[in-house]
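Chemist: After the structure tokens below, expect a handful of questions from me.
The values are calculated or read from the model by the stated rules, or taken from the named source; none is laboratory data. Just so we're clear, the structure is a prediction, and the values are computed from it rather than from any experiment. Glycine gets a Cβ as well: all are built from the backbone with ideal geometry, and neighbour counts include every protein chain shown. Surface areas here come from the heavy atoms of the whole protein model, side chains and all, with no ligands, DNA or RNA. Shrake-Rupley method; radii C 1.70, N 1.55, O 1.52, S 1.80 Å.
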Amino acid sequence: MTGNIKTDNLTAIADQFTQTGKVVDVQPFGSGNINDTFLVKVSTQQNFVLQRINTQVFRQPQLVMQNMRTFTEHVSKRLQNTPLNRRWEVPNVLPSKDIQDYYTDANGSFWRAISFIEASESFDIMHSGEQAREIGYALGMFHNLISDLSPQKLADTLKGFHITPLYLEHYNEVLATVTPQLTPEVNYCLEFVEKHYSLAPILENAKTSGQLPLRLMHGDPKINNVMFDTSTKKAVSVIDLDTVKPGLVHYDIGDCLRSGCNPAGEETENWQSVTFDTDICKEILQGYLAVAKEFLTENDYIYMYDAIRLIAFELGLRFFADYLAGNFYFKVKHPEHNLARALVQFKLTESIEAQQATINKIIQDVK
Ligand code: GN1
Ligand code: MG
């Protein structure tokens, strides 16, 4: 995961963000698919997260940092003016020694440092109903805290992100240039995409027609981007702010549920057994709506099921297209990795579809 980065280089880079004390340790951290992430331990100050931004994906990383600043300043001010009655933290951008939001190394790599939320942990798989409700609460709180920040205040740092029709277009372009080996798994994926063509534009059409308003979103609120206090077991932060930008809250709702309600996890090899757990879905939505009800409209509820189904399908499509193209976007551990991930998301979509009535009933019951 560290790619071609040498440990002594890493220490020197981490040192660029160390205000006092010495870097004691730098270790790969988390399971991100795009950036390289490290946890830095420092002798005197609190630990921090060091990341090398994948500039093939984030073409204008300075804008990512600018968005992050705008976001954290807005939320910190709101929390100061109206404190919550529970712990809630915002990850902070740590300045480099020359007081920049980032550091560019000799190879041109873009590095940045973010505060580590102390005494917290995250999970790849849901363990309980309480945890599910907390995940929902965390996303609701995240949306709530930016509901009064105008979408125009943040830049579009990743063009086309969550625009399903564009992923479909890219997929077709890839298919036109490659000849995949038609294994049963590849055939399943090809047929799955074929069957879901008409689903792709559903949220974009709702956005264009004004049924769903453009709002600020997190963009990637998957289960392991929610931090939990290690002692109270309550959610205390939503991290990974790279894709906070204008979009639809439905992308977030869909992403939170597709990742939270898959008990096998998105990295399972056993894709045939993947299901969407509607009990967890209910808990997450309850937690979410406890905070988000205030700013949701009737149309927002109407498109909730579609969002859950679409974002699972979309991620499958993104993984499958990347597999066919030769694994350029998502980091992989082996050449079939993105195919395995696509199968998981397609199977999850199938399970969502099979439970459409139950999911719609849950949405009606909790709203
Ligand atoms: C990527 O790198 P990571 O794990 O934070 C991806 C998300 C996907 C996710 C799937 C910018 O996020 O959209 O949902 O993988 N991020 C980007 O695990 O494409
Ligand atoms: Mg991310």
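Chemist: Can you tell which of G129, G210, G316 shows the greatest fluctuation in a Gaussian network model of the chain with Cα springs below 10 Å?
Modeler: Judging by the Gaussian network model, the answer is G210.
Chemist: Taking the simple approach of a point 7 Å from Cα along Cα-to-Cβ for both D25 and L79, what is their distance in nm?
Modeler: Label-label distance for D25 and L79, simple model: 2.6 nm.
Chemist: Something else about it: Identify all aspartates and glutamates with a Cα-Cα distance to K347 below 17 Å; exclude those on the same chain that are fewer than 8 residues away in sequence.
Modeler: E185, E191, E194, D255, E266, E267, E269, D277, D306, E314, E336
Chemist: Residue by residue, what Karplus-based ³J(HN,Hα) values in Hz, rounded to whole numbers, does segment 329-341 have, using 6.51, -1.76 and 1.60 with θ = phi - 60° and x for Gly and Pro?
Modeler: Rounded to whole hertz, the list is 9, 8, 5, 10, 9, 7, x, 9, 4, 5, 5, 4, 5.
Chemist: Quote to one decimal, in nm, the extra length available between T44 and Y301 on full extension: 0.36 nm per residue of separation minus the C-alpha distance between them. Let's see the in-between values first.
Modeler: Working: separation 257, 0.36 × 257 = 92.52 nm, distance 4.87 nm.
Contour length minus Cα-Cα distance gives 87.6 nm.
Chemist: For an R0 of 51 angstrom, estimate the FRET efficiency from the Cβ-Cβ distance between A357 and R86 and round to the nearest 0.05.
Modeler: Working: r = 35 Å, r/R0 = 0.69.
Here the calculated transfer efficiency is 0.90.
Chemist: Quick one: length gained pulling T104 to K159 fully straight, 0.36 nm per residue minus the C-alpha distance? Show your work: numbers first, answer last.
Modeler: Details: separation 55, 0.36 × 55 = 19.80 nm, distance 2.32 nm.
Extending this stretch completely gives an extra 17.5 nm.
Chemist: Another question, if that's okay. Once R0 is set to 45 Å, what does the formula 1/(1 + (r/R0)^6) return for the Cβ-Cβ distance between T208 and Q66, expressed as a FRET efficiency to the nearest 0.05?
Modeler: Numbers: r = 27 Å, r/R0 = 0.60.
For R0 = 45 Å, the calculated efficiency reads 0.95.
Chemist: Got a number for carbon plus sulfur as a percent of segment 7-116's accessible area, 1.4 Å probe?
Modeler: On the way: 2610 of 5680 Å².
It is 46 percent, rounded to a whole number.
Chemist: Along the charge dipole of segment 7-116, Cβ charges K/R +1 and D/E -1, which of L79, S96, I13 sits furthest on the positive end?
Modeler: Farthest towards the positive pole: L79.
Chemist: Then there is this: Work out from phi, with θ = phi - 60° and the Karplus expression 6.51 cos²θ - 1.76 cosθ + 1.60, the ³J(HN,Hα) of each residue of segment 184-199, listed in order in whole Hz, and give x for Gly and Pro.
Modeler: x, 5, 5, 4, 4, 5, 4, 5, 4, 5, 3, 5, 10, 3, 6, 6
Chemist: Step through the residues of segment 93-99 one at a time and calculate ³J(HN,Hα) from phi using the Karplus curve (6.51 cos²θ - 1.76 cosθ + 1.60, θ = phi - 60°), rounding each to whole Hz and writing x for Gly and Pro.
Modeler: Karplus values, whole Hz, x for Gly and Pro: 6, 9, x, 7, 4, 9, 6.
Chemist: Beyond 22 Å between alpha-carbons counts as too far, so tell me which of K234/K282; K41/K331; K159/K367; K234/K331 fall in that bin.
Modeler: On the way: K234/K282 18 Å; K41/K331 25 Å; K159/K367 32 Å; K234/K331 31 Å.
In this structure, K41/K331; K159/K367; K234/K331 lie more than 22 Å apart at Cα.
Chemist: What accessible area, in Å² to the nearest ten, does a 1.4 Å probe give for I135?
Modeler: Here the residue's solvent-accessible area equals roughly 0 Å².
Chemist: Here is a follow-up. What does the C-alpha gyration tensor say about the overall shape of segment 222-315? Classify as rounded when a/c is under 1.5, otherwise prolate if a/b is larger than b/c, or oblate.
Modeler: Values: a/c = 1.45, a/b = 1.09, b/c = 1.32.
In terms of gyration-tensor shape, rounded.
Chemist: On a full-extension model of 0.36 nm per residue, what is the gain between Q181 and T278, subtracting their alpha-carbon distance, rounded to one decimal in nm?
Modeler: 31.4 nm
Chemist: Could you identify which residue out of K333, K234, K97 has the top mean-square fluctuation in a GNM of the chain using Cα springs shorter than 10 Å?
Modeler: K333
Chemist: Beyond a 24 Å Cα-Cα separation, which of these cross-linked pairs lie in this structure: K153/K207; K97/K333; K293/K361? Kindly include the intermediate steps, with their values, before the conclusion.
Modeler: Numbers: K153/K207 19 Å; K97/K333 35 Å; K293/K361 17 Å.
Table pairs above 24 Å Cα-Cα are K97/K333.
Chemist: A further question follows. Enumerate the amide H contacts of F123 below 5 Å, restricted to partners 5 or more residues apart or on another chain; note that Pro and chain-start residues carry no placed amide H.
Modeler: V226
Chemist: For segment 229-284 and segment 8-71, what is the separation of their Cα centres, given in Å?
Modeler: If you average the Cα positions of each part, the centres end up 24 Å apart.
Chemist: Probe of 1.4 angstrom, ligands and nucleic acids ignored: what's the accessible area per residue over segment 7-116, in square angstrom? Before the final figure, lay out the partial values.
Modeler: On the way: 5680 Å² over 110 residues.
Result: 52 Å² per residue.
Chemist: Leaving out ligands, DNA and RNA, and with a 1.4 Å probe, what % of the accessible surface on segment 129-366 is carbon or sulfur? Don't skip to the end; give the middle numbers.
Modeler: On the way: 4860 of 9240 Å².
Roughly 53 percent of what the probe reaches on segment 129-366 is carbon or sulfur.
Chemist: Also, I was wondering about something else. When a/c is below 1.5 the answer is rounded, else prolate if a/b is larger than b/c, else oblate, so apply that to the chain with a ≥ b ≥ c taken from the square roots of the Cα gyration tensor eigenvalues.
Modeler: Working: a/c = 1.64, a/b = 1.21, b/c = 1.35.
Oblate, because a/c is 1.5 or more while a/b does not exceed b/c.
Chemist: Would you please give the residues with an amide H less than 5 Å from that of D25, counting only those at least 5 places away or on a separate chain, with H modeled from the backbone geometry?
Modeler: K41
Chemist: How high is the relative contact order of segment 7-116, in percent, counting Cα pairs under 8 Å that sit 6 or more residues apart? Could you put the intermediate results ahead of the total?
Modeler: Working: 164 pairs, mean separation 28.7, N = 110.
Result for segment 7-116 is 26 percent.
Chemist: How high is the relative contact order of the chain, in percent, counting Cα pairs under 8 Å that sit 6 or more residues apart? Intermediate values should be presented prior to the final figure.
Modeler: Working: 618 pairs, mean separation 66.8, N = 367.
Averaging sequence separation for qualifying contacts and normalising by length gives 18 percent for the chain.
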